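Comments concern the structure below.
Where a number appears in this text, it was derived from the coordinates with a stated rule and is not lab data. Note that the structure is predicted; figures quoted are calculated from it, not measured. In this analysis, Cβ positions are derived from the backbone assuming ideal geometry, glycine residues included, and neighbour counts consider all displayed protein chains.
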């Protein structure tokens, strides 16, 4: 899976272990409005976390405009 071009986004993707910038299928935990999302995983509206990066903190993500927390992810897989 290719890493994003932006070095900060690449570092965030590595720290959280998420494929930011790639097409994915995300299964969200119970209690979310949607259970499955398909599309390009992105940081939500330039909401980069504070430095130093701490993957224990929630990360605000989005797919096709739907914003959710990294803590809401039950599982993910690469999609084409």
Original post:
What is the log10 of I(q)/I(0) for the chain, computed with the Debye formula using one identical point scatterer on each Cα and no solvent, at q = 0.10, 0.19, 0.20, 0.26 Å⁻¹?
Top reply: -0.20, -0.76, -0.85, -1.43
Original post:
Normalised by the number of residues in the chain, what is the relative contact order in percent for Cα pairs under 8 Å and 6+ residues apart?
Top reply: 31
**OP:** Could you line up 71, 25 from fewest to most neighbouring Cβ atoms inside 10 Å?
**Re:** 71, 25
Original post:
To the nearest 10 degrees, how steeply does helix 7-16 sit against the main Cα axis of the chain, on a 0 to 90 scale?
Top reply: 50
**OP:** Once you have the Cα-Cα distance between residue 77 and residue 29, take 0.36 nm times their residue separation minus that, and quote the gain in nm to one decimal.
**Re:** 15.8 nm
**OP:** Fewest Cβ neighbours within 10 Å first, please rank 28, 61, 8 accordingly.
**Re:** 8, 28, 61
Subject >> Stretch gain in nm, segment residue 40-residue 67, where the contour uses 0.36 nm per residue and the Cα spacing is subtracted >> reply: 8.5 nm
**OP:** Determine, for 35, 70, the number of other Cβ atoms within 10 Å of each Cβ, and report the residues in order from fewest to most.
**Re:** 35, 70
